[in-house]
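Below is one structure, written out as structure tokens; comments come after it.
Since every read-out is calculated from the coordinates, none of them should be taken as a lab result. Bear in mind that the values here come from a model prediction, so they are computed numbers and not experimental data. Heads up, the Cβs are rebuilt from the backbone with ideal geometry, glycines too, and the neighbour counts pull from every protein chain shown.
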Amino acid sequence: MALTPELTEELRYLEINVARRIRSLRFGQSRSPLKGFGYEFESHRKYQVGEDFRRIDWNVSARMQEIYLKRHFEEREVSVFLVVDVSRSMHFSTAKYSKNLRVMQVGATLGFSALSDSCKFGILAFSDTVEAYEPPRKGRGHVWRTIEQLYRLRPARSGTNWEFALRFLRGHLRSMSIVFLLSDFITDPNVTQLAELPDLKVLAQKHDVIPIVFMDQLESNLPRGRGLLRLRSAEGREEMLLSLSSHQRSTFDALVKKRRTDLRDLFYSLGMECLFLNVGEAFMDPLTMLFERRKKV
């Protein structure tokens, strides 16, 4: 299935919008917890006649009593890699956009940002198996083909297996990368058990990992009204009947708040900065703010 004309037009708009906002959406300017990644290394050498005086480090020169220049080494080449959850829960939606469609829009934005910053771009799409893998490469054609591949993907399985996906990624992602985890993180094992996965810890140690959590409004707030609500698991056969009483609403709100806190604490404990996105709301401004926070000081 090819991209629809409407979606193609929307993605072209995103590409143009990214180009306009490129000062914010820059990976090379990102602050990273990994030394040697996303940074320029700086040292000094003595000034030679005829060189650009604007590169003189006057503080170092004053201490050394000789004129020294800042010397910039080339940054390491950055790869941008998306780990995309395509399990059945990602197709749930009560808004205009389902979670998986919003993921594709965010993924396209990140791909166009990587393209504008001359970064390699790749993806791993997974359910409880690997559904698609595209190793990091450069080029506009590669970014568009990857986005179209993600759009055309029809997952063979319905579940979510982070352990399998992370193990696969660990074996294939050789160079240090900025890795975006795009998911609703509705999974078994649960959030606390995710923290015990050794491959997640190794990934966080070797790469700059940024989880983006996609949420639907109904997953955060029960609908208005009275009576009973039947809920069915998108990835299993479980069902439950939920009362819409005030007590149940309070219990539900507490569980939602706890889950969000647990996710944030998990990512923070691994040195990851996360972003929560409601699929019913615009995503470009929160994504831009994430990049702004990560800019080098």
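Just list whichever of Lys99/Lys120; Lys138/Lys257; Lys96/Lys201; Lys138/Lys206 have alpha carbons separated by over 31 Å in the model shown.
Details: Lys99/Lys120 25 Å; Lys138/Lys257 40 Å; Lys96/Lys201 35 Å; Lys138/Lys206 22 Å.
Over 31 Å Cα-Cα: Lys138/Lys257; Lys96/Lys201.
Taking θ = phi - 60°, what integer Hz values does the Karplus form 6.51 cos²θ - 1.76 cosθ + 1.60 yield along the range 223-233, in sequence order, with x for Gly and Pro?
For the range 223-233, the Karplus curve yields x, 5, x, 10, x, 10, 10, 8, 10, 10, 5 Hz.
Could you grab the relative contact order for the range 140-289? Cα pairs under 8 Å, six or more apart, rounded to a whole percent. Walk me through the intermediate numbers first.
Numbers: 143 pairs, mean separation 37.5, N = 150.
Across the range 140-289, relative contact order equals 25 percent.
Give me, ordered by chain and number, the residues 5 or more places off Phe121 or on other chains with an amide H under 5 Å from its own placed amide H.
Those qualifying (amide H under 5 Å, at least 5 residues apart or on another chain) are Val80, Arg137, Lys138.
Based on the Cβ-Cβ distance of Glu6 and Gln65, what FRET efficiency does E = 1/(1 + (r/R0)^6) give at R0 = 45 Å, to the nearest 0.05? Intermediate results must be reported in sequence, preceding the final value.
On the way: r = 66 Å, r/R0 = 1.48.
My answer for the efficiency is 0.10.
Which trypsin sites (Lys or Arg not before Pro) in the range 63-160 pass both tests, a DSSP loop state and at most 11 other beta-carbon atoms within 10 Å? Write out the running numbers ahead of the final one.
Working: sites: Arg63, Lys70, Arg71, Arg76, Arg88, Lys96, Lys99, Arg102, Lys120, Arg137, Lys138, Arg140, Arg145, Arg152, Arg157; in loops: Arg76, Lys96, Lys138, Arg157.
Those satisfying the criteria are Lys96.
Express the relative contact order of the range 87-134 as a whole percentage, based on alpha carbon pairs under 8 Å and six or more residues apart in sequence.
Rounded, it is 23 percent for the range 87-134.
In the range 129-212, which GluC sites (Glu not before Pro) fall in coil by DSSP and have 13 or fewer other Cβ atoms within 10 Å? Before the final figure, lay out each step's value.
Numbers: sites: Glu131, Glu148, Glu163, Glu196; in loops: Glu196.
Filter output for the range 129-212: Glu196.
At a 10 angstrom cut-off on C-beta neighbours, averaged per residue, how do the peptides 53-59, 111-117 rank from highest to lowest? Working shown, then result.
Numbers: 53-59: 11.4, 111-117: 22.9.
Top of the packing list down: 111-117, 53-59.
Could you tell me what percent of the DSSP beta bridges with both partners in the range 166-297 are antiparallel, to the nearest 5? Can you show the working numbers first?
On the way: 5 of 15 bridges.
Among the beta bridges of the range 166-297, antiparallel pairing accounts for roughly 35 percent.
Taking the Cα-to-Cβ direction at Arg170 and at Ala156 and moving 7 Å from each Cα, how far apart do the two end points lie in nm?
2.4
Count the net charge of all other residues whose Cβ sits under 13 Å from the Cβ of Gln105, scoring Lys and Arg as +1 and Asp and Glu as -1. Numbers along the way, then the final one.
Numbers: positive: Arg12, Lys96, Lys99, Arg102; negative: Glu6, Glu9, Glu10, Glu15, Glu281.
Here the charged neighbours net out to -1.
For the range 82-175, what does the alpha-carbon gyration tensor say about shape, rounded, prolate or oblate, given a ≥ b ≥ c as the root eigenvalues, a/c under 1.5 as rounded, and a/b over b/c as prolate?
Verdict is oblate for the range 82-175.
Only sites in a loop by DSSP and with at most 10 other Cβ atoms within 10 Å count here; which trypsin sites (Lys or Arg not before Pro) in the range 212-242 make the cut? Mind showing how you got there, number by number?
Working: sites: Arg224, Arg226, Arg230, Arg232, Arg237; in loops: Arg224, Arg226, Arg237.
Passing sites in the range 212-242 are Arg224, Arg226, Arg237.
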